[in-house]
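A.B. asks: Before I ask anything, here is the structure I am working with.
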Amino acid sequence: MATWKMFLLQDSASPLMEQLSFFHDHTLMILLMITVLVGYLMSSLFFNKYNYRYLLEGQTIEVIWTILPAVTLIFIALPSLRLLYLLDEINNPSVSMKSIGHQWYWSYEYTDFKNIEFDSYMIPSSELKKSGFRLLDVDNRAVLPYNSQIRLMVTAADVLHSWTIPALSVKIDATPGRLNQVSFLLNRTGLFFGQCSEICGANHSFMPIVIESISPPFFIKWVSKMGEA
Ligand code: CUA
């Protein structure tokens, strides 16, 4: 989760987010190289007295400084496209979960198992326990098994919402009248927090999302307990 003084990406909890972190670092590295090169070139202009009145064109240098940025962009574009298509892959999921955005809470449905469904409201600050996370904790968390491919289906009942968990690299719009689909894989246990990311009204800031990632046997237990209720 995001904590104080974090200014880079959150730690990943899925292979795809790990790849995105690598891509972020790779792109920043290229950015740094460009900044250093251009910075050096520009500052060196201030500290020399070179001038040459008859310099009007230079075919060679113009070819170089046209091709070089194009090649640089390819080094960013190809890994970016690779990730873009990997993020869209569904990969034969073993669990499907449906999430519905409401004003202002999320509800969940696990239709693979006895039609489990429940609402997930933020815990108000006045009722928060010492161990709770202010403005992020919910009363009923979405429980999912780790090391299993998950399919998430997202829709909304009233206005646009957005189901977002940075550590999982999931950010998908919940749109009334439309069913969106993403897939992800949790590679560790833990709690993963997110918030609605589509301006959806007065309490937009107060409809967080919490994934409780647990081992598959415990997930089966949770499912059978929820199924009885
Ligand atoms: Cu729901 Cu913003």
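A short reminder: the numbers here are calculations on the coordinates, not readings from a lab. Owing to the predicted nature of the structure, the values given are computational and were not obtained by experimental measurement. We place every Cβ from the backbone using ideal geometry, glycine too, and count neighbours over all the protein chains shown.
A.B. asks: Please report, largest first and rounded to whole Å, the three semi-axes of the ellipsoid equivalent to the range 1-43, where each semi-axis is the square root of five times an eigenvalue of the C-alpha gyration tensor. Numbers along the way, then the final one.
C.D. replies: Working: eigenvalues 166, 40, 2 Å².
Taking √(5λ) for each eigenvalue gives 29, 14, 3 Å, largest first.
A.B. asks: Over all directions, average the projected area of the Cα convex hull of the range 16-140 and note it in nm².
C.D. replies: Convex hull of Cα atoms, orientation-averaged projection: 16.0 nm².
A.B. asks: Continuing with the same structure: Do any GluC sites (Glu not before Pro) in the range 1-108 lie in a DSSP loop with no more than 13 other beta carbon atoms within 10 Å, and if so, which? Intermediate values should be presented prior to the final figure.
C.D. replies: On the way: sites: E18, E57, E62, E89; in loops: E57, E89.
Sparse-neighbourhood loop GluC sites (Glu not before Pro): E57, E89.
A.B. asks: Would you mind listing how long the range 130-203 runs along its three principal axes, going by Cα atoms, in whole Å with the largest first?
C.D. replies: 33, 32, 19
A.B. asks: So, by mean Cβ neighbours within 10 angstrom, what's the order for 93-99, 207-213 with the highest one leading?
C.D. replies: Numbers: 93-99: 17.6, 207-213: 23.1.
The most tightly packed comes first, giving 207-213, 93-99.
A.B. asks: Once you put a point 7 Å from the Cα of L191 and another 7 Å from the Cα of M42, both along the Cβ direction, what distance in nm separates them?
C.D. replies: Taking the simple label geometry, L191 and M42 are separated by 4.6 nm.
A.B. asks: Ratio of alpha-carbon Rg to the 2.2 N^0.38 Å globular estimate for the range 1-72, to two decimals, please.
C.D. replies: Compactness ratio reported: 1.78.
A.B. asks: From the helices alone, meaning DSSP H stretches of at least four residues, give me the mean residue ellipticity at 222 nm for the chain, per-run term -39500 (n - 2.57), in deg cm²/dmol to the nearest 500. It would help to have the intermediate numbers written out before the result.
C.D. replies: Working: 3 runs with 74 residues, N = 229.
Helix contribution divided over all residues of the chain: -11500 deg cm²/dmol.
A.B. asks: What residues have an amide H closer than 5 Å to that of I116, excluding those fewer than 5 places away on the same chain, when H is modeled at 1.01 Å from N in the peptide plane?
C.D. replies: Y110
A.B. asks: Could I ask something else about it? According to the Cα gyration tensor, what semi-axes, each the square root of 5 times an eigenvalue, does the equivalent ellipsoid of the range 67-162 have, listed from largest to smallest in whole Å? Could you put the intermediate results ahead of the total?
C.D. replies: Numbers: eigenvalues 245, 82, 40 Å².
Sorted largest first and rounded, they come to 35, 20, 14 Å.
A.B. asks: If I take R0 = 22 Å and measure r between the Cβ atoms of D25 and A70 in this structure, what FRET efficiency does the formula 1/(1 + (r/R0)^6) give, to the nearest 0.05? Mind dumping the intermediate values first?
C.D. replies: On the way: r = 23 Å, r/R0 = 1.02.
Result of the calculation: an efficiency of 0.45.
A.B. asks: Need the C-alpha centroid separation for the range 1-66 versus the range 120-178, integer Å.
C.D. replies: Result: 36 Å between the Cα centres.
A.B. asks: Ranked from highest to lowest mean number of other Cβ atoms within 10 Å per residue, what is the order of the peptides 155-164, 4-13? Walk me through the numbers on the way to the answer.
C.D. replies: Values: 155-164: 20.3, 4-13: 12.3.
Those peptides, ordered most packed to least, come out 155-164, 4-13.
A.B. asks: To the nearest 10 degrees, how steeply does helix 216-228 sit against the main Cα axis of the chain, on a 0 to 90 scale?
C.D. replies: 40 degrees
A.B. asks: Kirkwood Rh over Cα pairs of the chain into Stokes-Einstein at 4 °C, 1.567 mPa s: D in µm²/s?
C.D. replies: The diffusion coefficient I find is 63 µm²/s.
A.B. asks: Which of the lysines could a cross-linker bridge to K5, judged by Cα under 30 Å and excluding same-chain residues fewer than eight apart?
C.D. replies: K129, K130, K171
A.B. asks: With a cut-off of at most 13 other beta carbons within 10 Å, and DSSP calling the residue loop, which trypsin sites (Lys or Arg not before Pro) in the range 110-173 qualify? Please list them.
C.D. replies: Details: sites: K114, K129, K130, R134, R141, R151, K171; in loops: K114, K129, K130, R134, R141.
Taking the range 110-173 and a limit of 13 other Cβ atoms within 10 Å, the loop trypsin sites (Lys or Arg not before Pro) found are K114, K129, K130, R134.
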